[in-house]
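Q: Sharing a structure, written as structure tokens. Questions coming.
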Amino acid sequence: MKIAFLSMFSGLNDRGVETLVYEVGNRLAASHEVFVFQGGRAPSRAKYKVVQVPTSWKASDVENKLSIK
């Protein structure tokens, strides 16, 4: 089965959702074809395929506007 995740902050930040995508993606990759579409680079130990999606914004810009830290 092919599975895709969209996680724009993966590879840029390391918080809850990014950790979840990494952990679940690695576990599913053992028996499925997993793709993660993300804003940053692939983690060194990722067992899934990463498609880096270029963005015109910086993660810090969005965090500042949403008061996320």
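Q: Among the residues of region 25-48 satisfying the criterion of being of a type in the set (A, V, I, L, M, F, W, C) and not in a loop (DSSP other than H, G, I, E, B), which is most open to solvent (accessible area, probe 1.4 Å)?
A: Pass one, region 25-48, residues of a type in the set (A, V, I, L, M, F, W, C): 28-30, 34-37, 42, 46.
Among the residues that remain, those that are also not in a loop (DSSP other than H, G, I, E, B) are: 28-29, 34-37.
Numbers: 28: 52, 29: 24, 34: 5, 35: 52, 36: 0, 37: 78 Å².
If we take residues in region 25-48 being of a type in the set (A, V, I, L, M, F, W, C) and not in a loop (DSSP other than H, G, I, E, B), then 37 is most open to solvent (accessible area, probe 1.4 Å).
Q: If you check every pair at least six apart or on different chains, which have Cβ atoms under 8 Å apart with a residue in region 4-22 that is over 13 Å from residue 48 (Cα atoms) first and a residue that is among the β-branched types (Val, Ile, Thr) and assigned to a loop (DSSP other than H, G, I, E, B) second?
A: Close Cβ pairs (under 8 Å, with a partner that is among the β-branched types (Val, Ile, Thr) and assigned to a loop (DSSP other than H, G, I, E, B)) amount to 8/53; 8/55.
Q: What pairs come out if I take residues in region 49-61 that are open to solvent by 90 Å² or more (accessible area, probe 1.4 Å) and pair them with residues that are outside any loop (DSSP other than H, G, I, E, B) and at pLDDT 70 or above whose C-beta lies under 8 Å away, six or more apart or interchain?
A: Qualifying pairs under 8 Å: 49/33; 49/34; 49/35; 49/36; 52/38.
The values are calculated or read from the model by the stated rules, or taken from the named source; none is laboratory data. Here the structure is a predicted model, which means the values were calculated and not measured. We place every Cβ from the backbone using ideal geometry, glycine too, and count neighbours over all the protein chains shown. Heads up: the accessible areas ignore ligands, DNA and RNA and are worked out on the full protein's heavy atoms, side chains in. Shrake-Rupley method; radii C 1.70, N 1.55, O 1.52, S 1.80 Å.
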